[in-house]
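Every number here is computed from the coordinates shown, using simple stated rules; none is lab data. The shown structure was predicted, so the numbers you read here are calculated from the model rather than taken from an experiment. FYI the Cβ positions are ideal-geometry reconstructions off the backbone, even for glycines, and counts take in every protein chain you see.
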Amino acid sequence: MRRWPAHLRDEMGVEWAAELHELASQRRRVRMLRFAASLAATRPHLGPRQPFLDVDTSTGAILRHAALLVAAPAACVVLSLYMTPFIALLLTVPLVLLAAVAGWSSPLLRPWSIVAAALLPASAAALASPSLVWYLSDAWRRPTATLLWALVLAAALAVASGRSPRVAVLVGGAGAVAACWSAVTLVVAPNASSLGLDASYAPLWYPASVLDPVHIPIGSLPPDPNLCITGDQPCTQYMPASFPLLDFTEGYPTALTAITLYTAAYVLTATYRPADEPALAETA
């Protein structure tokens with residue numbers, strides 16, 4: 001009952017009690033259970049139903065938004081493959097600004113539809129890349145990690161949608177970082193031993209992958225006679241541990257980060273509503 005507006009609770013309670021009393025007098029136990037289940041599953045009607053699309057938006061504008069949401073993740077993947085992580089993220093900034101501007105005029109109205117419209121093509125681009133670019137490393141061929149990233153990011157953006165700018169940025173930003181961090185860690189962890197990486201530095205694998213050439217300490221590689229100088233002194237490994245990490249991930253962390261930045265920018269601006277603009281109640 002508490003899910004319903006206060007001014008409707010008494011009236012609805014009387015009607016439901018009368019219906020249950022009638023069913024009980026007829027000893028229709030199954031009908032009573034069905035009626036109680038329907039009440040539990042029914043969402044309260046709080047106002048006019050919010051449409052998915054703004055009816056005043058032209059077909060051309062809808063197509064332009066669709067083209068942006070489809071092309072942007074592909075552009076992020078290309079940048080991550082052919083640029084260093086720092087340069088790729090730097091070149092993503094104009095795309096993030098474009099996504100923020102586009103979000104203000106998004107034809108989509110429901111928060112979940114906005115999140116889905118932004119994340120579905122983004123996830124498809126990340127999942128399809130290994131099939132389209134045959135030489136990509138195994139880091140790209142772990143759909144479980146990409147799906148984990150998509151689910152965590154979708155949940156964070158859904159919670160942040162419609163909040164005040166400060167809360168939306170904090171919640172959305174924390175969720176975005178958690179999504180990328182967890183996906184990259186999940187990808188690298190099974191291969192840490194073969195790469196010579198120290199598992200105790202696992203929390204630093206993600207920042208080390210996206211901040212290169214900034215040095216992030218992730219331990220040292222084990223001695224390898226083929227890659228170190230030998231002599232009277234013990235063999236010392238001179239190759240930084242970030243080398244095999246970057247070679248294995250091959251732009252995957254950068255691609256997820258770039259896609260996350262533009263997706264968050266689009267969703268948070270598209271779902272933002274000024275305090276004096278009440279949102280229509282969303283009903284099923």
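Values for this structure:
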{"read-out": "The range 115-149: chymotrypsin sites (Phe, Trp or Tyr not before Pro) falling in loop per DSSP and having at most 16 other Cβ within 10 Å", "value": "134, 135"}
{"read-out": "Vicinal HN-Hα couplings computed from phi for the range 240-254 (Karplus, 6.51 cos²θ - 1.76 cosθ + 1.60; Hz; Gly/Pro x)", "value": "x, 5, 5, 4, x, 5, 5, 5, 6, 5, 6, x, 4, x, 5"}
{"read-out": "Vicinal HN-Hα couplings computed from phi for the range 117-134 (Karplus, 6.51 cos²θ - 1.76 cosθ + 1.60; Hz; Gly/Pro x)", "value": "5, 7, 8, 4, x, 5, 5, 4, 5, 5, 6, 8, 4, x, 6, 8, 10, 5"}
{"read-out": "Fewest-first sequence of 114, 87 by Cβ atoms within 10 Å of each Cβ", "value": "87, 114"}
